[in-house]
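S.K.: Got a structure for you, questions after.
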Amino acid sequence: MKTDVGTTGRVSSAWPWAGTVAVLALVAAAFLVPPLADWQVWARRHPPPLPPLHGYWQVKVGPGTLPSLALAALALRYGDRSARRLGWPALLTVCYVVGLAWLVSLALVDGTDGLSRVLGDPSEYLRTARRVGDVHVLLQQYISRIPDAAGARQWPTHVAGHPPGMLLFFVGLVRIGLGGDLAAGLVVTAIAASLPLAVLCTLRALRAGAAARLAAPFLVFSPAAVFLAVSADAVMATTAAWGLACLAVATRHGARSGWPWAAAAGLLLGATVMMSYGLPLLGFLALAVLGAARRWWPLPVAAAAAGVVVLGFAAAGFAWWQAYPVLVQRYWDGLASRRPGGYWTWANLAAFAVSAGPVVGPGVASLAAQARHTLVRPVVPLLVGAALVALTVADLSQMSRAEVERIWLPFVPWVTLAATALPRSWRRPVLAAQLATALLVQHLVYTVW
């Protein structure tokens, strides 16, 4: 009888060691090659650079330092035990509360600015959202304001680089009185804290409850928390994850009773497509969910619901397929054209590994070994594999040269599921490495996000 990942499978220690060495070598090369080779790779427009990250070195401590260290110690001691023993509702509650505390404490290493600085930046969405009057006019003019040629009318960097869905989210916050830098930051962080819950619910709906419990500590205490707190991309990642969770729940029912879940999945996934030009790649994960469940009836329902969102925007004035070529031109008119593909094609993967953490190496290697010997149910291998395929396509598209520690956040939790395949003797050391990575990045790097 096949079992959930990590419950009975045995993996030679050579596999996780090989994965660890490979990822560490990749990350080390990405950090060392540019300065040693005197290679200007344009990680950021202004010095000092720290490729492959978009930030720069800045040693700091702050109000969040002691709480984040305390949470890390508690996670290392009680994380696995709590995930195994708590009832399901209690597990979800604890994951949310502790995850929120982890996000906030890391952000507060920079003081209260850590919860407000990013969203208040002129290149972000919030300042533009405060100036939006008529949403219909906004959508009709949106494409014409993407190019550099729009001059003074052109959108700021992040607004121009995305469909209007993300901007409209912040317009909504402004209109309900939560448009201040700090208030919006707290809302975004509260949303981001539910990301692990969505992934756990997806696994449970796919009858991989044991894998969900194994994954929980790694999902909650991911180094990605450094980039999730108050990042607009955290909203995209969380919306996508709940869309996939709804799709998984739909597969537990027949079409007659499950269609509302499939429709909700389509609406949420359609919304993510209107937040980022790169998130149609979530289609790989949606297919993985359906393949893991071996139920395909939700596909047309979810696709139709997603189509309603996309076509609704088009009817209001913003057609995704017309905007994308304009965005591509602006992208290559900007800093991306200076960023050498010979570096970023592989350095992107190193930046992703920093965001997802050291678990990527031993986890994926262990999962590959287990799947190869058919010791596991296909749920986790399918989800992790789909996320890796999406990352590969995104990387090869060359539309994400640099900054992927933030841009690829929607794929981080799904790759993190590879932690469920770690040998038992590896779980605690790898979780410790995850925690240390988050703490070191937050305290040693000005991440910009």
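S.K.: Under the condition of being more than 19 Å from THR238 (Cα to Cα) and in contact (Cβ under 8 Å) with a residue 60 or more places away in the chain, which residue from the range 158-175 is nearest to the chain's Cα centre (by Cα)?
M.R.: Step by step, filter the range 158-175, then rank; the result is GLY161.
S.K.: While we're looking at this one, here's another question. I'm trying to understand the selection: among the residues of the range 9-24, which are over 23 Å from the mean Cα position of the chain (by Cα) and among the hydrophobic types (A, V, I, L, M, F, W, C)?
M.R.: Correct list: VAL11, ALA14, TRP15, TRP17, ALA18, VAL21.
S.K.: Does the range 82-92 include one or more residues that are within 23 Å of the chain's Cα centre (by Cα) and open to solvent by 10 Å² or more (accessible area, probe 1.4 Å)?
M.R.: yes
S.K.: Let me ask something else about it. Please work out if LEU178 is surrounded by fewer than 24 Cβ atoms within 10 Å (Cβ to Cβ), farther than 30 Å from PRO423 by Cβ and touching a residue at least 24 places away in the same chain (Cβ under 8 Å).
M.R.: Here the answer is no, as LEU178 does not meet what is asked.
S.K.: Say whether the condition of being touching a His at 6+ places or on another chain (Cβ under 8 Å) and among the small types (Gly, Ala, Ser) is met by at least one residue in the range 247-268.
M.R.: No, the conditions are met nowhere in the range 247-268.
S.K.: Here is a further query. Under the condition of being open to solvent by less than 20 Å² (accessible area, probe 1.4 Å) and not polar (S, T, N, Q), which residue from the range 428-440 is nearest to the chain's Cα centre (by Cα)?
M.R.: Among them, the one singled out is ALA438.
S.K.: Then there's this: Kindly provide the set of residues from the range 140-172 that are at pLDDT 95 or above, aliphatic (A, V, I, L, M) and open to solvent by 10 Å² or more (accessible area, probe 1.4 Å), ordered by number.
M.R.: Residues satisfying the conditions are ILE143, LEU168.
S.K.: Being open to solvent by 50 Å² or more (accessible area, probe 1.4 Å), over 21 Å from THR189 (Cα atoms) and hydroxyl-bearing (Ser, Thr, Tyr), is that true of even one residue in the range 65-79?
M.R.: yes
S.K.: Still on this structure, I have one more. Going by what's in this entry, would GLY133 be described as assigned to a loop (DSSP other than H, G, I, E, B), open to solvent by 30 Å² or more (accessible area, probe 1.4 Å) and over 24 Å from TRP261 (Cα atoms)?
M.R.: Yes.
S.K.: A further question follows. So how many residues does the range 234-266 have that are closer than 23 Å to ALA184 by Cβ and open to solvent by 30 Å² or more (accessible area, probe 1.4 Å)?
M.R.: Residues in the range 234-266 being closer than 23 Å to ALA184 by Cβ and open to solvent by 30 Å² or more (accessible area, probe 1.4 Å): 1 in total.
S.K.: On the basis of being more than 16 Å from the chain's Cα centre (by Cα) and at pLDDT 95 or above, does PRO217 make the cut?
M.R.: When the stated conditions are applied, PRO217 passes them.
S.K.: Residue under question is LEU228, and the condition is that it be open to solvent by 10 Å² or more (accessible area, probe 1.4 Å), closer than 30 Å to GLN442 by Cα and hydrophobic (A, V, I, L, M, F, W, C); does it hold?
M.R.: When the stated conditions are applied, LEU228 passes them.
S.K.: Could you run through the range 414-449 and say how many residues are under 13 Å from LEU69 (Cα atoms), of a type outside the set (A, V, I, L, M, F, W, C) and in contact with a Leu (Cβ under 7 Å, 6 or more places away or on another chain)?
M.R.: Result for the range 414-449: 1.
S.K.: Okay, next question. Looking at the range 209-220, can you tell me whether even one residue there is touching an Asp or Glu at 6+ places or on another chain (Cβ under 9 Å), open to solvent by 10 Å² or more (accessible area, probe 1.4 Å) and part of a loop (DSSP other than H, G, I, E, B)?
M.R.: Scanning the range 209-220, I find no residue that is touching an Asp or Glu at 6+ places or on another chain (Cβ under 9 Å), open to solvent by 10 Å² or more (accessible area, probe 1.4 Å) and part of a loop (DSSP other than H, G, I, E, B), so the answer is no.
S.K.: Let me ask you something else. Residues ASP121, ASP113: which one is of a type in the set (D, E, K, R), open to solvent by 60 Å² or more (accessible area, probe 1.4 Å) and not in a loop (DSSP other than H, G, I, E, B)?
M.R.: It is ASP113.
Per-residue answers, yes or no, for (1) of a type in the set (Gly, Ala, Ser); (2) outside any loop (DSSP other than H, G, I, E, B); (3) without any contact (Cβ under 8 Å) to a residue 12 or more places away in the chain:
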{"residue": "PRO358", "(1), (2), (3)": "no, no, no"}
{"residue": "ALA368", "(1), (2), (3)": "yes, yes, no"}
{"residue": "VAL380", "(1), (2), (3)": "no, yes, no"}
{"residue": "ALA394", "(1), (2), (3)": "yes, yes, no"}
{"residue": "THR420", "(1), (2), (3)": "no, yes, no"}
{"residue": "ARG427", "(1), (2), (3)": "no, yes, no"}
{"residue": "VAL448", "(1), (2), (3)": "no, no, no"}
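S.K.: Also: Which of the residues that make up the range 396-418 are among the basic types (Lys, Arg) and either assigned to a helix (DSSP H, G or I) or touching an Asp or Glu at 6+ places or on another chain (Cβ under 9 Å) (or both)?
M.R.: ARG406
S.K.: Have a look at PRO196, PRO223 and point out the one that is touching a Gly at 6+ places or on another chain (Cβ under 7 Å), touching a residue at least 12 places away in the same chain (Cβ under 8 Å) and open to solvent by less than 10 Å² (accessible area, probe 1.4 Å).
M.R.: The match here is PRO223.
The values are calculated or read from the model by the stated rules, or taken from the named source; none is laboratory data. For clarity, every value in this text was computed on a predicted model and none was experimentally measured. All Cβ positions, glycine included, derive from the backbone under ideal geometry; neighbour counts span all protein chains shown. Just so you know, the surface numbers come from the protein's heavy atoms only, side chains and all, with ligands and any DNA or RNA stripped out. Shrake-Rupley method; radii C 1.70, N 1.55, O 1.52, S 1.80 Å.
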